[in-house]
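Below is one structure, written out as structure tokens; comments come after it.
What follows is calculated from the coordinates using simple rules that are stated; it is not laboratory data. Remember, it's a predicted structure, so these values are computed and weren't measured experimentally. Cβ atoms come from the backbone with ideal geometry, glycine included; neighbour counts cover every protein chain shown.
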Amino acid sequence: MDKMFSVEGRIIVVTGGLGQLGTQFSKSLAEAGAKVAIYSRRPFSKEQIAEKFPDLEDRIRVYEASVTDKAALQAATDQLIADWGVPHVLVNNAGIDSKPDGAADQNAPFEEYPQKYWDEIIDTNLTGVMLTSQVVGTKMAEKERGSIINVGSMYGMVSPNQALYAYRLERDGVPFVKAVSYAASKSGLLNLTRYLATYWAPKKVRCNIISFGGVKTGSYDKEFIDAFLERVPLGRQAEVDEYNGVIRFLASDASSYMTGSNVVVDGGFTAW
């Protein structure tokens, strides 16, 4: 069983690998013996890597590349292959959402929602996955092996419940609507996953998606958290390191017969 779940020696690309969840994925995979290549929009020095990932500097490298820039992705992947070889796993983790405390129009009613925010979120969360999969997945397909892991959301399966945000109007006097773009991007990712799974199956490249639930961050209003947890059967949010196991599972041979699957890890939110 240990061998089946092993990622020892595997070369794994993690986009957005310096963010909250990306850091957890990168750290846990490196600790398990993988070589982790983080694709990041911002440069990150060796000294910063050593500070953020102590004792893992030899297993983690950061390559500067935005998921919306295909030329940068290609350059980063070419350099990665020169450094370590062709990746075995791609974790499409990079993603953005409207900020709860951002500009009011980021969370405006649908009738007034600005296209610029739609474009920004779709470009990163959906087009960015397509471009990264094109670049990295093609290299894996040439080797006839690989696993693509897309990081989705429960809001790719169900619509956001706007009642969770109703307190904002009473408290602030301004309507607050969970925007359409994030849910649309993550639902699109579901079928992109199925498409890639069937398209690259002859090349032995698997593609699966994980639909995550809410993560404990401390950045949301108590009123929201209380209302949200009433709708979660387990009665809590996920801890920041609680998704590491399913990432490792899909990166390992333990999931060798899985492709095109949606692995739901949401505390039961979508079970009701």
The chain - mean residue ellipticity at 222 nm from DSSP helices (-39,500 (n - 2.57) per run, n ≥ 4, rounded to 500): -10000 deg cm²/dmol
Pairwise label distance in nanometres, residue 81 with residue 138, each label 7 Å out on the Cα-Cβ vector: 0.9 nm
Zero-based 5 Å bins, Cα pair distances in the range 86-191, whole percents: 2, 12, 19, 19, 16, 11, 8, 6, 4, 2, 1, 0
For the range 1-64 versus the range 175-240, the gap between their alpha-carbon centres in whole angstrom: 22 Å
Candidate values (1) 32, 20, 19; (2) 42, 25, 14; (3) 36, 21, 17, label of the one derived for semi-axes √(5λ) of the Cα gyration tensor in Å: (1)
Value of Rg/Rh across the range 116-272 [Cα atoms, Kirkwood radius]: 1.02
Listed residue pairs exceeding 21 Å between alpha carbons, taken from 35/143; 52/178; 27/143; 27/186; 52/99: 52/178; 27/143; 27/186; 52/99
At most 14 other Cβ within 10 Å, DSSP loop - GluC sites (Glu not before Pro), the range 82-154: 144
Gyration tensor over alpha-carbon atoms, the range 58-118, equivalent ellipsoid semi-axes in Å: 36, 12, 9
Once the Cα gyration tensor of the range 1-148 is diagonalised, semi-axes √(5λ) in Å: 29, 18, 14
